[in-house]
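The values are calculated or read from the model by the stated rules, or taken from the named source; none is laboratory data. Everything numeric here is computed off the predicted structure, so don't read it as measured data. Don't worry about glycine lacking a Cβ; one is built from the backbone with ideal geometry, like all the others, and counts go over all protein chains shown. Only protein heavy atoms, including side chains, enter the accessible area calculation; ligands, DNA and RNA are left aside. Shrake-Rupley method; radii C 1.70, N 1.55, O 1.52, S 1.80 Å.
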Amino acid sequence: MTAINAVTDLTIDGDVAVVTLNHPPVNALSQAVRDGIHQGIAQALANPAVSAIVLICAGRTFIAGADISEFGKPPAGITLPEVHAAIENATKPVIAAIHGTALGGGLETALVCHYRVAVPSAKVGLPEVKLGLIPGAGGTQRLPRLVGAEKALDMIVTGVPIGAKAALEAGVIDELAPEHSLRGHAIAFARRVVAEKRPLAKVRDRDDRILPARGNSALFEAFRKANAKKYRGFEAWLKAVQAVENAVNLPFDEGMAREREMFLALRDSTQAKAQRHVFFAEREVAKIPDVPADTPSIVVNSVGVIGAGTMGGGIAMNFLNAGIPVTIVEMKQEALDRGLGVIRRNYESTARKGRMTAADVEKRMGLLTGALDFNALANCDLIIEAVFETMEVKKDVFGKLDAIVKPGAILASNTSYLNIDEIAAITRRPQQVVGLHFFSPANVMKLLEIVRGEKTSKPVIATAMQLARRIGKVGVLVGVCYGFVGNRMLAQRQREATKLVLEGAMPWDVDRVLHDFGLPMGPFAMSDLAGLDLGWSRETSKSSTLKEILCEMDRRGQKTGAGFYDYDENRAAKPSPVVEKAILDFAAKQGITRRAITDDEILKRCLYPMINEGAKILEEGKALRAGDIDTVWINGYGWPVYTGGPMFYGDTVGAANVLAAMKDFEARFGADFKPAALLERLAAENKRFADL
Ligand code: 3H9
């Protein structure tokens, strides 16, 4: 074995040279890796004893793509296209041996090899769109030549990898290797290629699979139309469609040149920078400086959930899906039966859509036990309460739990706003108490705010973070404050949206501006969906807010067919003249002279106070990093990933610009807009939240 460089070895096995990359964690194509492949291939070609070359990776995966952390830095060393040319033009066959994931530049490297073998568990894909990019090293030109235009469009635009068996059927790979003998099988395959005098197959030379789509612009147009809504706001996917269309219609080298041009333009775009930020932020969020990875954790093999309502049921489903038994407790048999019934129906509906088998449904339901007594929770490792949101009720529940549940168990609250320290203080084990704030619908939304109380122990935090991953959530550690990170910032937007409507805008103006920004829906459409009568009662209603007035008119949201909007039988929303009049009357009663409000003002007044609140959250240490706040908003509220989250968006606008607008608003509208000290500091020092 010869070491080519720190990350590459060359071994000669009879007449086959094996170039092995070893660059943990994912063998990304850093400068050293590119260099290693290039030199390894050159040495193998120069060796007269070698008749074929295998390219393989050590560790958990084949090359998982370009090294994303190199983007945005000055280019150094040999480029990937140069490495690819060396492989493709090699005078001896080069075989890619794939395990783990061959993604992005990794798959592109495999596609310039003359043949590809993979173990059954391997996956291959071009996920560049998820980073705001298109494949930039031939992926959009070579993949269609192997799998045809339609399959290539699907793979490149969704970015979702396919398994090795599907890849074999589609024509991406040539052969499957047994799971645990990839190296040996790849060498044997290489010998066969030589013995059978198979050609040095170059994907670039094939056109049999793309010919059917040549000149068929309707195919691409239909694809664009069918996906326009799904990818609203994203730039890269349309470029990807264009690149595949080029592959079909243009000579190979011209298609390559266009792909490169589009890739480079996208790589330096705001969207790609934002999506790279999100990629790293979602991974960094798991790192807690004072709770290192080796912190001991608590084994969680059984979970108790208190409350079988919408939230409790959704929470329970997460654990059932992960194979963890759940005991769910309700006060009354009827409520318990209803809750269990809803869970079953949810699973059955998933099964009807073909995303689960009937056996899967029964397996999950078999892990679920209903009970009417807290004593049923005595042996659970973790208990999460999802009961009514008042401090008295929560304290009562925690007091009872503390008396019943085994000593090492974790007691968690799903509260959205309440003070975890106050709840913990009622128990004899405040170190075992933590907030686990799920977002509705709890079995769907990816976010889990993990609320660290003053006394929450490090093992409890480590356990909560690991558990989040185990149930497929993105766990974000937050501190105790009203509304934690997500709802605390949301309150800023809600306040301004309500004020804007009294000052001169209409709910549909505010919603349109925020929807166009990329949010799934605006605040008023969201209120209609959630129900305007949350926390409202006819007895205490005094026509003192617009919401109260609408509830009094029985306009309580989508469920009553009317709220801020009118709804037809298909739940399609229409601006409501009744609401318009109610707004004008209410504003007049309040003595407000309405004025024209621009879309620009709506956007800034709704979003900048959120960024400002995010700055306060950072100042107070209630979130560890700006990227953690972005992760909350992207995974919990559907904030458009291509803007990077509220704090990254603040960086894009620039702290000085956000500050200037906040000061202007403060002068016109008062203390709601008082700038955070951190925002002032960043503006003065010309820094970004990302620099903190
Ligand atoms: C591309 O290829 C462009 C080309 O078309 C053109 C070029 C000219 N670079 O996710 P994990 C790090 S674009 C740098 O927790 P898993 C990651 O940050 C690229 N670093 O593991 C983390 O670091 P840390 C196309 C990377 O097992 C560690 O590796 N490729 C990269 O859950 C472990 O990651 C992609 O988009 C990278 N490319 O999942 C693939 N990838 O430990 C992106 C990972 O310090 N990667 N890291 O936090 C993935 O999808 C997943 O990481 C993967 C493993 C499925 C591979």
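For the chain, the longest principal axis of the C-alpha atoms and the axis of helix 507-517 are separated by about 20°. A full extension of the chain between K455 and T270 corresponds to an added length of 62.5 nm, given 0.36 nm per residue minus the alpha carbon distance.
The C-alpha atoms of the chain define a longest principal axis, and helix 655-669 lies at about 20 degrees to it.
Counting only DSSP beta bridges with both residues in the range 303-480, the antiparallel share comes to about 15 percent.
Applying 1/(1 + (r/R0)^6) with r as the Cβ-Cβ distance of A684 and I78 and R0 = 30 angstrom yields a FRET efficiency of 0.10.
Here the gap between A677 and E175, fully extended at 0.36 nm per residue and compared with their Cα-Cα distance, gives a gain of 174.6 nm. Each of E552 and V299 was given a label point 7 Å from its Cα along the Cα-to-Cβ line. The distance between the two points is 6.1 nm.
Please give the peptides 456-465, 47-56, 128-137 ranked by average Cβ packing (other Cβ atoms within 10 Å per residue), highest first, as a rough proxy for protection.
Put in order of decreasing packing, that is 128-137, 456-465, 47-56.
The C-alpha atoms of the chain define a longest principal axis, and helix 252-267 lies at about 30 degrees to it.
May I ask you to give the percent of accessible area on the chain that is carbon plus sulfur, with a probe radius of 1.4 Å?
In the chain, the share of accessible area belonging to carbon and sulfur is 54 percent.
Between A58 and S537, the modelled label-to-label distance comes to 6.9 nm, taking each label 7 Å out from Cα in the direction of the beta carbon. Here each label is just a point 7 Å from Cα along the line to Cβ, and for T350 and A667 those points are 5.5 nm apart.
What residues from the range 458-478 fall in the zone where the backbone N is under 15 Å from a label point 7 Å along the Cα-to-C-beta line of K363? Within reach of a label on K363, which here means backbone N under 15 Å from a point 7 Å along Cα→Cβ, the range 458-478 contributes nothing.
Between A42 and A656, residue separation times 0.36 nm minus the direct Cα-Cα distance comes to 215.8 nm. Binning the C-alpha pair distances of the chain at 10 Å intervals from 0 yields a P(r) profile of 3, 13, 19, 22, 21, 14, 6, 2, 0, 0 %, listed from the shortest bin outward. When each of the peptides 384-390, 345-351 is scored by how many other beta carbons lie within 10 Å of its residues on average, the order from highest to lowest is 384-390, 345-351.
Using a probe of 1.4 angstrom and keeping all protein chains present, the accessible surface of the chain works out to 42 square angstrom per residue. The antiparallel fraction among DSSP beta bridges confined to the chain stands at about 35%.
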